[in-house]
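Participant: One structure, as structure tokens, below. Some questions next.
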Amino acid sequence: MRGIDGLPPGAGAGHSDEIGLAGGTAPGCGPLFDAPVAPGGYLWWYVDGLSDDGRHGITLIAQVGSCFSPYYARARRRGDSDPLNHNSLNVALYGEVKGWSMTERGRSALRRDASRLEIGPSALSWDGTCLTIQIDEVTVPVPKRIRGTVKLYPRTVAGQPYFLDGAGHHCWAPIAPGARVEVQLDRPALRWSGHGYLDSNWGNEPLEKAFRYWEWSRAELRDGGTAVLYDAARRDGHRTELGLHFDPAGGVARIEIPPHAKLPTTAWRMKRGTRVDPQQTARVTKTLENTPFYTRSVLATHLLGESVTAMHESVCLDRFSTRWVQTLLPFRIPRRARD
């Protein structure tokens, strides 16, 4: 295994072999829900899906050591760096039916082994061929129930980790770059299926310690493959620029990073940008999430010689760390001490 900076696991300065080798997945294994999480660190599994008819979308992020938690950030400032006391399942519904939930829960609500993760009343389980997510959450700021099941069926299982920083403290691994997603919710009543994606990120320090800003996107290609782009500004003054092409049979190849194109800023004046083929354009077709430090969008763009629809995110860790953003976050991220 080699990372973005050409480093094998454990080779980066101050790098932890445990985190580098035992993250949220491993090649060909699918999710590993009992992976260790370093003090002050984080581990998450991310799922997204867009319906075949373009009317619906979903993202789910199961987090152990919730990296965007204001409570975890406050605890670290006070000397308490226990990641297992800050866990959540973030659920976001887009399109004709909308809803957003990210309730943080403590140690008593966390139960996990290699194939199952429970966070309060919600759970994720992996049987080797399907990831099943059982959701039982409440939206904010207007409380409404989100309850039902999401199933993700990978075309192939990847799991190769890549370092995102120069020191080897932060890893990302695409588990299922191409997948089918089936959404069956009782509350709200919702049924759809479409193209999906699953990955995992983990690190042994807070995300904002290594990064100032990043952009990420994934796009389904005509042949059933997937293109993934990472573009991150690091605090060491360097950039992480990664482009990968996953073919439908499970092969992966690096792609030349295309030119950068600016996208319209949001109402919060969050900047957005992406990579797009030379002499081609990218545009935002939908803004799915719009916060002071984080945006999620659907793009109509052009990659590897073809027009594609891309799921895209921009994250500003400089903004996340500011006092005014930390003050606002509890209104969107409630915390339950017990379930």
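Participant: Could you list the square roots of 5 times each eigenvalue of the Cα gyration tensor of the range 32-136, that is, the equivalent ellipsoid semi-axes, sorted largest first and rounded to whole Å? Before the final figure, lay out the partial values.
Facilitator: Working: eigenvalues 132, 58, 23 Å².
Value: 26, 17, 11 Å, ordered largest first.
Participant: Divide by every residue of the chain the summed helix terms, -39500 (n - 2.57) for each DSSP H run of at least 4, and state the resulting mean residue ellipticity at 222 nm, rounded to the nearest 500 deg cm²/dmol.
Facilitator: On the way: 5 runs with 27 residues, N = 339.
Dividing the helical sum by the residues of the chain leaves -1500 deg cm²/dmol.
Participant: With an 8 Å Cα cut-off and a minimum separation of 6 or more residues, compute the relative contact order for the chain in percent. Before the final figure, lay out each step's value.
Facilitator: Details: 912 pairs, mean separation 54.1, N = 339.
16 percent.
Participant: Give me the percent of Cα-Cα pairs in the range 111-157 that sit more than 17 Å apart, rounded to a whole number. Write down the numbers at each step before the final one.
Facilitator: On the way: 449 of 1081 pairs.
Distances greater than 17 Å cover 42 percent of the Cα pairs.
Participant: Further, regarding this structure: Modelled label-to-label distance, Arg239 and Arg107, 7 Å Cα→beta-carbon offset: nm?
Facilitator: 4.3 nm
Participant: Let me ask another. Put a dot 7 Å past each Cα toward the Cβ at Arg78 and Arg55; how far apart are the dots in nm?
Facilitator: With each label point 7 Å from Cα toward Cβ, the separation is 4.8 nm.
Participant: Treating the beta-carbon of each Lys and Arg as +1 and of each Asp and Glu as -1, no other charges, what is the dipole magnitude of the chain about its Cα centre, to the nearest 20 debye?
Facilitator: On the way: 42 positive and 36 negative charges, 270 e Å.
Dipole magnitude for the chain comes out near 1300 debye.
Participant: Computed over the Cα atoms of the range 226-326, what is the convex hull's projected area averaged over all directions, in nm²? Please list the in-between numbers first.
Facilitator: On the way: hull surface 30.1 nm².
Over every viewing direction, the Cα hull of the range 226-326 projects on average to 7.5 nm².
Participant: Among Leu164, Leu50, Leu328, whose mean-square fluctuation peaks in a Gaussian network model of the chain (Cα, cutoff 10 Å)?
Facilitator: The residue with the greatest mean-square fluctuation here is Leu328.
Participant: Here's a follow-up. Rounded to whole Hz and in sequence order, give me ³J(HN,Hα) for the range 213-218 from the Karplus expression 6.51 cos²θ - 1.76 cosθ + 1.60, θ = phi - 60°, writing x for Gly and Pro.
Facilitator: Those phi angles translate into 6, 8, 10, 9, 7, 9 Hz.
Participant: Give me the number: length gained by fully extending Lys286 to Ile255, i.e. 0.36 nm times residue separation minus the C-alpha to C-alpha distance, one decimal in nm. Don't skip to the end; give the middle numbers.
Facilitator: Details: separation 31, 0.36 × 31 = 11.16 nm, distance 2.63 nm.
Extending this stretch completely gives an extra 8.5 nm.
Participant: For the chain, set up a GNM with springs between Cα atoms under 10 Å and report which of Leu229, Leu190, Leu43 has the largest fluctuation.
Facilitator: Evaluated over the chain, the most mobile residue of the options is Leu190.
Participant: List the lysines whose Cα lies under 25 Å from the Cα of Lys286, skipping any in the same chain that are fewer than 8 positions away.
Facilitator: The qualifying lysines are Lys98, Lys144, Lys151, Lys262, Lys271.
Participant: Now for a different question. Take the Cα pairs of the range 94-178, get the Kirkwood Rh, then feed it into Stokes-Einstein at 25 °C and 0.890 mPa s and tell me D in µm²/s.
Facilitator: On the way: Rh = 15.3 Å.
Here the translational diffusion coefficient equals 160 µm²/s.
Participant: So, for the chain, what is the accessible surface per residue at a probe of 1.4 Å, expressed in square angstrom?
Facilitator: On the way: 13750 Å² over 339 residues.
Per-residue accessible area for the chain comes out at 41 Å².
Participant: How large are Rg and Dmax for the chain when calculated on the C-alpha trace, in angstrom?
Facilitator: Taking only Cα atoms of the chain, I get Rg and Dmax of 18.5, 54 Å.
Participant: At what distance in nm do the modelled label points of Trp268 and Arg147 sit from each other, each positioned 7 Å from its Cα along Cα→Cβ?
Facilitator: Going by the 7 Å Cα→Cβ label model, 3.0 nm.
Participant: Please identify, among Gly41, Gly251, Gly243, the residue showing maximal mean-square fluctuation in a Gaussian network model of the chain using a 10 angstrom Cα cutoff.
Facilitator: Maximum among the listed residues: Gly251.
The values are calculated or read from the model by the stated rules, or taken from the named source; none is laboratory data. Here the structure is a predicted model, which is why all the values come from computation and not from measurement. Note: ideal-geometry Cβ built from the backbone for every residue, glycine included; neighbour counts use all protein chains shown. Ligands, DNA and RNA are excluded from the accessible area calculation, which covers all protein heavy atoms including side chains. Shrake-Rupley method; radii C 1.70, N 1.55, O 1.52, S 1.80 Å.
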